[in-house]
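A.B. asks: Below you will find the structure I want to go over with you.
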Amino acid sequence: MRRKLVVANWKMHGNLVLNEQLFAAYIQKLSLLSHVDIAVCVPYPYLAQAQALLKNTNIAWGAQNLSKDAIGAFTGEVSAMMLKDFGASYVIIGHSERATAYCESDENIAVKFKQAKSYGLTPILCVGETLIEREAGVMQMVVGKQLDAVINAYGASIFADAVVSYEPIWAIGTGLAASGEQAQTMHEFIRSRIAALDKSAAASLKILYGGSVNPQNAVQLFAMQDIDGGLIGKCSLNAQEFEKICRAVA
Ligand code: PEP
């Protein structure tokens, strides 16, 4: 039985003072929620703050990206080992905001996935289609190709105990979430693609939905069989809304 997981993606928001308040509000509101795993992915400079304030709580923390390389002359990059130094458990990989802005290829993203796994971090691999791709009916082909970049390089077994987040690009930050049925159809497709190659990896894989999740639509989304929780952007910056989303997990 997979435990549900709700992950906050703070993106490039916050500062030391605001984070302290938000971490305190998270702890106050979320500490009694034992039915769901909770994590927050913060900008790199605030990993130390997350570690100091969240250790010994039920809230794990992580980063929003990592280097595909382990160590070396890669100016501006941050390695998996460095994230581990600050107690990170999770790392978001291939978020569309990065893939678009920094032209990350599916192959690069696959190497980052492997890198995270090798160092004991749980990768949260973001996949999803654009609106044009959905309207053209090729969304499963697009998401299948994103998954195949990892499968072809490392085999389906690498998905064991990992996280995939289905994030339709048209739903991110737009206020227009996918319906429960749209998301479930894609989640089922993702799980069956992995299951065709490795049943046990597919059974342990958590598949989150991300894209304009709010306290109102979370209940319907999280009720779907293959939706194991959510990746939450905007609403995670408000502790009250984030709490309601965490409580919406059945
Ligand atoms: C995200 O960027 O991962 C995300 C899901 O954002 P939002 O909830 O704001 O759509």
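A.B. asks: Might you let me know whether segment 110-131 holds any residue that is among the aromatic types (F, W, Y), touching a strand residue (DSSP E or B) at 6+ places or on another chain (Cβ under 7 Å) and open to solvent by less than 60 Å² (accessible area, probe 1.4 Å)?
C.D. replies: yes
A.B. asks: Can you confirm whether segment 195-210 contains a residue that is within 12 Å of the ligand (Cβ to nearest atom), free of Cβ contacts under 8 Å to residues at least 60 places away in the same chain and surrounded by 24 or more Cβ atoms within 10 Å (Cβ to Cβ)?
C.D. replies: yes
A.B. asks: Give the residues of segment 211-221 that are surrounded by 24 or more Cβ atoms within 10 Å (Cβ to Cβ) and either in contact (Cβ under 8 Å) with a residue 60 or more places away in the chain or more than 12 Å from the ligand (Cβ to nearest atom) (or both), sorted by residue number.
C.D. replies: Answer for segment 211-221, where residues must be surrounded by 24 or more Cβ atoms within 10 Å (Cβ to Cβ) and either in contact (Cβ under 8 Å) with a residue 60 or more places away in the chain or more than 12 Å from the ligand (Cβ to nearest atom) (or both): just G211.
A.B. asks: To continue, here is another question. Among the listed residues G173, G229, G233, which satisfies the condition of being within 19 Å of the chain's Cα centre (by Cα), modelled with pLDDT under 95 and under 21 Å from A39 (Cβ atoms)?
C.D. replies: Result: G173 is the single residue among G173, G229, G233 that is within 19 Å of the chain's Cα centre (by Cα), modelled with pLDDT under 95 and under 21 Å from A39 (Cβ atoms).
A.B. asks: For segment 88-104, does any single residue satisfy the condition of being over 18 Å from Y166 (Cβ atoms), surrounded by 14 or more Cβ atoms within 10 Å (Cβ to Cβ) and either in contact with a Phe, Trp or Tyr (Cβ under 7 Å, 6 or more places away or on another chain) or of a type outside the set (D, E) (or both)?
C.D. replies: Within segment 88-104 (the criterion being over 18 Å from Y166 (Cβ atoms), surrounded by 14 or more Cβ atoms within 10 Å (Cβ to Cβ) and either in contact with a Phe, Trp or Tyr (Cβ under 7 Å, 6 or more places away or on another chain) or of a type outside the set (D, E) (or both)), the answer is yes, since at least one residue qualifies.
A.B. asks: Mind checking whether some residue in segment 148-157 is in contact with a strand residue (DSSP E or B) (Cβ under 9 Å, 6 or more places away or on another chain) and closer than 20 Å to G94 by Cβ?
C.D. replies: Yes, segment 148-157 has at least one match.
A.B. asks: Take the residues in segment 232-250 that are closer than 17 Å to M12 by Cα and free of Cβ contacts under 8 Å to residues at least 40 places away in the same chain; name whichever of them is most open to solvent (accessible area, probe 1.4 Å).
C.D. replies: Of everything passing the filter in segment 232-250, N238 is most open to solvent (accessible area, probe 1.4 Å).
A.B. asks: While we're looking at this one, here's another question. Looking only at residues that are hydrophobic (A, V, I, L, M, F, W, C) and away from the ligand (no atom under 16 Å from the Cβ) in segment 159-185, which one is farthest from G137 (Cα to Cα)?
C.D. replies: A160
The values are calculated or read from the model by the stated rules, or taken from the named source; none is laboratory data. Quantities reported herein were computed from a predicted structural model and do not represent experimental measurements. So basically every Cβ, Gly included, is an ideal-geometry build from the backbone, and we count neighbours across all protein chains shown. Each accessible area value is taken on the protein alone, full model and side chains, heavy atoms only, with ligands, DNA and RNA left out. Shrake-Rupley method; radii C 1.70, N 1.55, O 1.52, S 1.80 Å.
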